[in-house]
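As structure tokens, the structure follows; a few thoughts come after it.
The values are calculated or read from the model by the stated rules, or taken from the named source; none is laboratory data. Because the structure is a prediction, the values reported are computed rather than measured. Reconstructed Cβ throughout: ideal geometry from the backbone, glycine too, with neighbour counts over all protein chains shown. Side chains included, ligands, DNA and RNA excluded: accessible areas come from the protein's heavy atoms. Shrake-Rupley method; radii C 1.70, N 1.55, O 1.52, S 1.80 Å.
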Amino acid sequence: MAGRECYHCKQWIEEGEEHNCWTTTEKALTQDLSEDLQDAWERLRETAVSFGDQRIYASHNSIMFSRKSCYFFVRPKRSFLELCVFLGRELKAPQVRRIDRASKSKVVHVIQIRHRDEVEAPIIDWLQEAYELNDTLASKQAAGGARPTTQDRSKAKKAKAARKPTKKRT
């Protein structure tokens, strides 16, 4: 029998058979959750869907919620859902376990969800704020013009250097 063993998942793959163990789905990530966590996950997803148009997809160990960019994602863990919300400001709240700067304009807040009842205000308000942040950042960028590319910046540096007078040696 011709075939090989996947170095990652150790599954035997027959010759010619397609295999991608990195591909995952929402169902695969949430199927082993406890009943309380399943309910909390369903409540989180329903809440996000109610905000409007977006893309929801699984990526490695996370389920991403995205408009132009990801505004929050969920990492299902054994005893909690790790909710990571991108906001334009730092929150000071007991629900927030950790805060990290994600970019110049975004701060990621890590929150642990253990029960459906935790998915209500203020967490829903923060998710809504994150959803709307994409619009705010897009309008700011449009008003200020597009950011210069690396190539544009290097051309500007070369032009500036060419304008500088050089010192003559005598």
Out of Ser103, Ser79, sole residue that is modelled with pLDDT under 95 and either assigned to a loop (DSSP other than H, G, I, E, B) or more than 27 Å from Asp36 (Cβ to Cβ) (or both): Ser103
Residues (in contact with a Ser or Thr (Cβ under 8 Å, 6 or more places away or on another chain) and either open to solvent by 70 Å² or more (accessible area, probe 1.4 Å) or at pLDDT 95 or above (or both)) located in the range 120-136: Ile124, Leu127
Complete set of residues in the range 30-63 that are of a type in the set (A, V, I, L, M, F, W, C), over 16 Å from Ile113 (Cα atoms) and either open to solvent by 70 Å² or more (accessible area, probe 1.4 Å) or not in a helix (DSSP H, G or I) (or both): Val49, Ile56, Ala58
Residue match in the range 85-100 (condition: in contact with an Asp or Glu (Cβ under 8 Å, 6 or more places away or on another chain), in a helix (DSSP H, G or I) and either touching a residue at least 40 places away in the same chain (Cβ under 8 Å) or surrounded by 16 or more Cβ atoms within 10 Å (Cβ to Cβ) (or both)): no
Yes/no for Tyr7 being assigned to a strand (DSSP E or B), at pLDDT below 95 and among the hydroxyl-bearing types (Ser, Thr, Tyr): no
Positions within the range 20-29 being outside any helix (DSSP H, G or I) and surrounded by 14 or more Cβ atoms within 10 Å (Cβ to Cβ), in sequence order: Thr24
Enumeration of residues in the range 106-117 that are in a strand (DSSP E or B) and either open to solvent by 30 Å² or more (accessible area, probe 1.4 Å) or out of contact with any Asp or Glu (no Cβ under 9 Å at 6 or more places or on another chain) (or both): Gln112
Residue that is farthest from Lys27 (Cα to Cα) [pool: residues in the range 66-78 that are free of Cβ contacts under 8 Å to residues at least 60 places away in the same chain and either open to solvent by less than 70 Å² (accessible area, probe 1.4 Å) or touching a Lys or Arg at 6+ places or on another chain (Cβ under 7 Å) (or both)]: Cys70
